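Asks: Provided herewith is a single structure, encoded as structure tokens, for subsequent inquiry.
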Amino acid sequence: MKFAKLADYYEKLEATSKRLELVDILSKLFAEAENAEIGKICYLIQGRVAPFYMPVELGMAESMVAQAIAKAYDKTKDEVIKSYRHLGNIGLAAQELAKSHKASANLSVSDVFGGLRKIADLGGEGSVEKKISTLAQILKDLDSVSVKHVVNIPIGTLRLGIGDPTVMDALSLAKTGDKKLRPVIEDAYNKTSDLGYVAEEFFKHGEKGLETVKLIVGKPVRPALAERMPNADEVVKRMGDKFAAEPKFDGFRVQIHLDRSVKAMPLGTAVSELRPGLKLGADSQQVKIFSRNLEDMTHSFPDLAEGVLKEVKAKSVIMEGEAIAYNPQTEEFLPFQETTKRRRKYKIEETAKALPLACFAFDILYLDGKDITSKTEVERRKLLERVVSKNNQVIRIAEHRVISTAKQIHEFFNEAISDGLEGLMIKKLDSPYKAGGRGFHWIKFKRASSGDLTDTVDCVLLGIYTGRGKRTEFGVGGLLVGIYNDKTDEFETISRIGTGLTDEEFRKVNEIGKQLRVEHKPARVKSKIEPSYWVEPEEVLEIYADEITKSPIHTAGWDEKTGTGYALRFPRLVKFREKDKRAEDATTVEELKRLFANQYGKK
Ligand code: AMP
């Protein structure tokens, strides 16, 4: 497929504000593409040249892209920047210049993909110049509409608002004429987190191709998610005679991959590269640590990587745990605000010394060459205990009690709270590991400010109201937030938040707003109200509210009959989730419905 054809589709996708149309347009695009291009197209429509979890970045700032545009069309960088300021968008500026230039070739999707990948791979001395000239050459060989979109890829501003579920629906539709294979596609995606790879297997080998997709050490598994229940009695009813309970640590989730049989896992950052002082030798590349959000964080946690190599008794493993700043002398857990300081990309040494992490392992998914996700919780726990010893210092094992009554839940919950933890995780004993899935195999019990067993809501930032009076100073007077409807893959509004943020938090929202601002309401957002400006749904905020109510202005769980949706009463910000959750991992409409029902059950 010529890239110009793909650019036509970009135009169509950009023009629609309805999700079903996105699915339709995408499925036509997939149907028209060659099998071998499907994967590349999956990455390119999300503005990437690799799956999300791979740290493959083009490494070009806006000014470098401006230089490439100047070079392609014999202009000066200042001329490009002037045009950019005038038109307000670098894509439009490049398109204008390209119009008076005859393209010297007509590149294919694979050519452009290959060129962009080459830019990403360029490093070291002289790479800035090389990146600029490679991009300039790509631009010269493309028509003006293609150019408009391509220049947005290096700077991360190609925003078509296409989520994974939309892509998966479109893949099924393109191949079979309906969406029925979406769950099968999703299953394979959950195991590898690589939609391009899964799409290509599917297009080349059909449904059978998907069945061969297995867990791979080095490719993150989409994590299992927890549900919630209103009280311990309900949990006992749901879980049956016996169930497991573990402390819920308030740190960040890590997925640890270890393969001692390789010199280095493919593509990723070796610990030693970023930590020159550390002498781990070739071993350092045998470990990879992914965040909850599947980001490769290995370089930020050299102490954990070292702990894995020293303490974990396995040849190859994929396991999960919660990393938390921990004082081994006093056996004290540090609060989330402290732990989160470790999620950084600079001054790693210093922070690691000041705030050493311990990882409390709570699950194991893969062991010595075998995918063990289909084994039960009981069986997996046994294997985990074999691999992670009780005497470990860094990679520790989470406490795990098999209990059976509401009273035992309360006792353990109170213990966990007095240890400074967040609450409990209750786990079903006969359940497999559900990659990427919510379900009642895991139930979380958290402490809310009232001390009650209620819970907070994870909302997605959808829009911003610019401030009045004192707030103009921050650029933000209020926030419009929503929750996720996983049936329709849409974000539905649930609340406006105007109070309860500190000055610093308002400033932070302003910074986030500047980065995520978009000109129009994103296609996947369902709203009856208009903020001052919309943002790309990416940032997840944990919100506490007094009550869930019904309101005619919010679209969350919209009920046609009553003309109302759900809303939060007296919402306040608990914390920024610091990118440990993707927008699609926010609280769902279904979960909120249950919270609402439980609230009335109590009254
Ligand atoms: P939440 O983020 O509130 O939806 O709660 C789920 C998160 O709790 C998981 O993603 C983990 O990061 C964290 N967690 C803490 N302790 C445990 C545990 N023992 N088992 C499973 N998850 C845990």
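Asks: Taking segment 314-344, which residues are among the aliphatic types (A, V, I, L, M) and either touching a Cys at 6+ places or on another chain (Cβ under 6 Å) or more than 16 Å from the ligand (Cβ to nearest atom) (or both)?
Replies: Correct list: Ala314, Val317, Ala323.
Asks: Something else about it: If I filter segment 224-235 for residues that are within 16 Å of the ligand (Cβ to nearest atom), assigned to a helix (DSSP H, G or I), touching a residue at least 60 places away in the same chain (Cβ under 8 Å) and surrounded by 16 or more Cβ atoms within 10 Å (Cβ to Cβ), do I get at least one hit?
Replies: yes
Asks: Any idea which of Ile372, Ile443 is at negative phi, touching an Asp or Glu at 6+ places or on another chain (Cβ under 6 Å) and surrounded by 14 or more Cβ atoms within 10 Å (Cβ to Cβ)? Before the answer, list the steps.
Replies: On the way: Ile372 fails: touching an Asp or Glu at 6+ places or on another chain (Cβ under 6 Å).
The match here is Ile443.
Asks: Is it the case that Ala94 is in contact (Cβ under 8 Å) with a residue 40 or more places away in the chain and buried (at least 23 other Cβ atoms within 10 Å of the Cβ)? It would help to see each step written out before you state the result.
Replies: Values: in contact (Cβ under 8 Å) with a residue 40 or more places away in the chain: yes; buried (at least 23 other Cβ atoms within 10 Å of the Cβ): yes.
Spelling it out, Ala94 is indeed in contact (Cβ under 8 Å) with a residue 40 or more places away in the chain and buried (at least 23 other Cβ atoms within 10 Å of the Cβ).
Asks: Please indicate, with yes or no, whether at least one residue in segment 524-544 is more than 22 Å from Leu225 (Cα to Cα), modelled with pLDDT under 90 and surrounded by fewer than 17 Cβ atoms within 10 Å (Cβ to Cβ).
Replies: Restricting attention to segment 524-544, the residues satisfying the condition of being more than 22 Å from Leu225 (Cα to Cα) are 524-536.
Then drop every residue that is not modelled with pLDDT under 90, which leaves none.
The answer is no, given that none of the residues of segment 524-544 is more than 22 Å from Leu225 (Cα to Cα), modelled with pLDDT under 90 and surrounded by fewer than 17 Cβ atoms within 10 Å (Cβ to Cβ).
Asks: Please work out which one of (1) touching a helix residue (DSSP H, G or I) at 6+ places or on another chain (Cβ under 9 Å); (2) under 22 Å from Ser133 (Cβ atoms) is the condition Ala36 fails and give its number.
Replies: All conditions pass for Ala36, except number (2).
Quick grid of which residues meet (1) within 26 Å of the chain's Cα centre (by Cα); (2) within 29 Å of Val213 (Cβ to Cβ):
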{"residue": "Ala352", "(1), (2)": "yes, no"}
{"residue": "Thr373", "(1), (2)": "yes, yes"}
{"residue": "Val378", "(1), (2)": "no, yes"}
{"residue": "Ile397", "(1), (2)": "yes, no"}
{"residue": "Val402", "(1), (2)": "no, no"}
{"residue": "Lys407", "(1), (2)": "no, no"}
{"residue": "Gly423", "(1), (2)": "yes, no"}
{"residue": "Pro432", "(1), (2)": "yes, yes"}
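Asks: Give segment 226-238 a look and list any residue that's of a type outside the set (Gly, Ala, Ser) and out of contact with any strand residue (DSSP E or B) (no Cβ under 7 Å at 6 or more places or on another chain), or say none.
Replies: Pro230, Asn231, Asp233, Glu234, Val236, Lys237, Arg238
Asks: Name every residue in segment 345-389 that is within 16 Å of the ligand (Cβ to nearest atom), basic (Lys, Arg) and either outside any helix (DSSP H, G or I) or under 26 Å from Glu295 (Cβ atoms) (or both), in order of residue number.
Replies: Arg380
Asks: Tell me which of these Ile155 doesn't satisfy, since it passes every other one: (1) surrounded by fewer than 20 Cβ atoms within 10 Å (Cβ to Cβ); (2) free of Cβ contacts under 8 Å to residues at least 24 places away in the same chain; (3) among the β-branched types (Val, Ile, Thr).
Replies: So Ile155 meets the others, but not (2).
Asks: Next question, about the same structure. Take the residues in segment 590-603 that are more than 16 Å from the ligand (Cβ to nearest atom) and in a helix (DSSP H, G or I), then tell me which one is surrounded by the fewest Cβ atoms within 10 Å (Cβ to Cβ). Before you say what the answer is, go through the steps one by one.
Replies: Pass one, segment 590-603, residues more than 16 Å from the ligand (Cβ to nearest atom): 593, 596-603.
If we keep only those that are in a helix (DSSP H, G or I) too, we end up with 593, 596-602.
Numbers: Lys593: 14, Phe596: 17, Ala597: 12, Asn598: 18, Gln599: 14, Tyr600: 8, Gly601: 11, Lys602: 10.
Of everything passing the filter in segment 590-603, Tyr600 is surrounded by the fewest Cβ atoms within 10 Å (Cβ to Cβ).
Asks: Also, I was wondering about something else. Do the conditions hold for Asp559, that is, is it among the charged types (D, E, K, R) and surrounded by 18 or more Cβ atoms within 10 Å (Cβ to Cβ)?
Replies: Working: among the charged types (D, E, K, R): yes; surrounded by 18 or more Cβ atoms within 10 Å (Cβ to Cβ): no.
No.
Asks: Could you list all residues from segment 47-72 that are outside any helix (DSSP H, G or I) and crowded, with 20+ Cβ neighbours inside 10 Å? Full working, then the answer.
Replies: Of segment 47-72, the ones outside any helix (DSSP H, G or I) are 47-61.
Arg48, Val49, Pro51, Tyr53, Met54, Leu58, Met60, listed by residue number.
Asks: Same structure again: Report yes if Tyr43 is buried (at least 22 other Cβ atoms within 10 Å of the Cβ) and at pLDDT below 90, otherwise no.
Replies: On the way: buried (at least 22 other Cβ atoms within 10 Å of the Cβ): yes; at pLDDT below 90: no.
Taking the combined requirement at face value, the residue does not satisfy it.
Asks: Right, next: Can you pull out the residues in segment 546-589 that are within 16 Å of the ligand (Cβ to nearest atom) and touching a Ser or Thr at 6+ places or on another chain (Cβ under 7 Å)?
Replies: Val574, Glu578, Asp580, listed by residue number.
Asks: Do you know which residues across segment 104-163 are of a type in the set (Lys, Arg) and either farther than 17 Å from Ile45 by Cα or part of a helix (DSSP H, G or I) (or both)? Spell out the reasoning first.
Replies: First, pick out the residues of segment 104-163 that are of a type in the set (Lys, Arg): 117-118, 130-131, 140, 148, 159.
Within segment 104-163, Arg117, Lys118, Lys130, Lys131, Lys140, Lys148 qualify.
Asks: Now for a different question. Is there a residue being buried (at least 21 other Cβ atoms within 10 Å of the Cβ), of a type outside the set (D, E, K, R), away from the ligand (no atom under 16 Å from the Cβ) and touching a residue at least 60 places away in the same chain (Cβ under 8 Å) anywhere in segment 247-256?
Replies: There is no residue in segment 247-256 that is buried (at least 21 other Cβ atoms within 10 Å of the Cβ), of a type outside the set (D, E, K, R), away from the ligand (no atom under 16 Å from the Cβ) and touching a residue at least 60 places away in the same chain (Cβ under 8 Å).
Asks: In the list Gly156, Gly163, which residue meets the criterion of being at positive phi and small (Gly, Ala, Ser)? Walk me through it before giving the result.
Replies: On the way: Gly163 fails: at positive phi.
When all the criteria are applied, what remains is Gly156.
Asks: With respect to Ser431, determine if the residue is of a type in the set (S, T, N, Q) and modelled with pLDDT under 90.
Replies: no
Asks: May I pose another question? Of (1) surrounded by fewer than 22 Cβ atoms within 10 Å (Cβ to Cβ); (2) in a helix (DSSP H, G or I); (3) free of Cβ contacts under 8 Å to residues at least 40 places away in the same chain, Glu14 satisfies all except one. Which?
Replies: Condition not satisfied by Glu14: (3).
Asks: Any residue at all in segment 401-418 that is within 12 Å of the ligand (Cβ to nearest atom) and among the hydrophobic types (A, V, I, L, M, F, W, C)? Please lay out each step first, then the result.
Replies: The initial filter retains those residues of segment 401-418 that are within 12 Å of the ligand (Cβ to nearest atom), namely 401, 412, 416.
Filter again for among the hydrophobic types (A, V, I, L, M, F, W, C), leaving 412, 416.
Checked against the condition, which is being within 12 Å of the ligand (Cβ to nearest atom) and among the hydrophobic types (A, V, I, L, M, F, W, C), segment 401-418 yields at least one hit.
Asks: Please state which of the following conditions Asp296 fails to meet, knowing it meets all the rest: (1) of a type in the set (Asp, Glu); (2) in contact with a strand residue (DSSP E or B) (Cβ under 8 Å, 6 or more places away or on another chain); (3) at pLDDT below 90; (4) within 16 Å of the ligand (Cβ to nearest atom).
Replies: (4)
Asks: Hey, another quick one. Restricting the search to segment 393-427, which residues are more than 21 Å from Asn231 (Cβ to Cβ), hydrophobic (A, V, I, L, M, F, W, C) and assigned to a strand (DSSP E or B)? Lay out the reasoning, then the answer.
Replies: Initially, segment 393-427 is screened for residues more than 21 Å from Asn231 (Cβ to Cβ), giving 393-400, 419-420.
Restricting the remaining residues to those that are hydrophobic (A, V, I, L, M, F, W, C) gives 394-395, 397-398.
Result: Ile395, Ile397.
Asks: Oh, and also: Could you please find all residues in segment 434-450 being within 11 Å of the ligand (Cβ to nearest atom) and over 27 Å from Gln337 (Cα atoms)?
Replies: Selection gives His441 alone.
Asks: Which of (1) closer than 15 Å to Val150 by Cα; (2) of a type outside the set (D, E, K, R); (3) modelled with pLDDT under 90 does Thr134 not meet, given it meets every other one?
Replies: Among (1) closer than 15 Å to Val150 by Cα; (2) of a type outside the set (D, E, K, R); (3) modelled with pLDDT under 90, Thr134 violates only (3).
Asks: Which condition breaks for Gly209 when tested against (1) buried (at least 22 other Cβ atoms within 10 Å of the Cβ); (2) modelled with pLDDT under 95; (3) of a type in the set (Gly, Ala, Ser)?
Replies: (1)
Asks: While we're here: Does Leu29 satisfy the criteria of being under 17 Å from Ser108 (Cα atoms) and assigned to a helix (DSSP H, G or I)?
Replies: Details: under 17 Å from Ser108 (Cα atoms): yes; assigned to a helix (DSSP H, G or I): yes.
Against the criterion (under 17 Å from Ser108 (Cα atoms) and assigned to a helix (DSSP H, G or I)), Leu29 qualifies.
Asks: Which residues, taken from segment 468-509, are surrounded by fewer than 18 Cβ atoms within 10 Å (Cβ to Cβ) and closer than 28 Å to Asp164 by Cβ?
Replies: Asp486, Lys487, Thr488, Lys508, listed by residue number.
The values are calculated or read from the model by the stated rules, or taken from the named source; none is laboratory data. In this text the structure is predicted, and so the values were computed from the model without any measurement. No Cβ is skipped: glycine too gets one built from the backbone with ideal geometry, and neighbour counts run over all protein chains shown.
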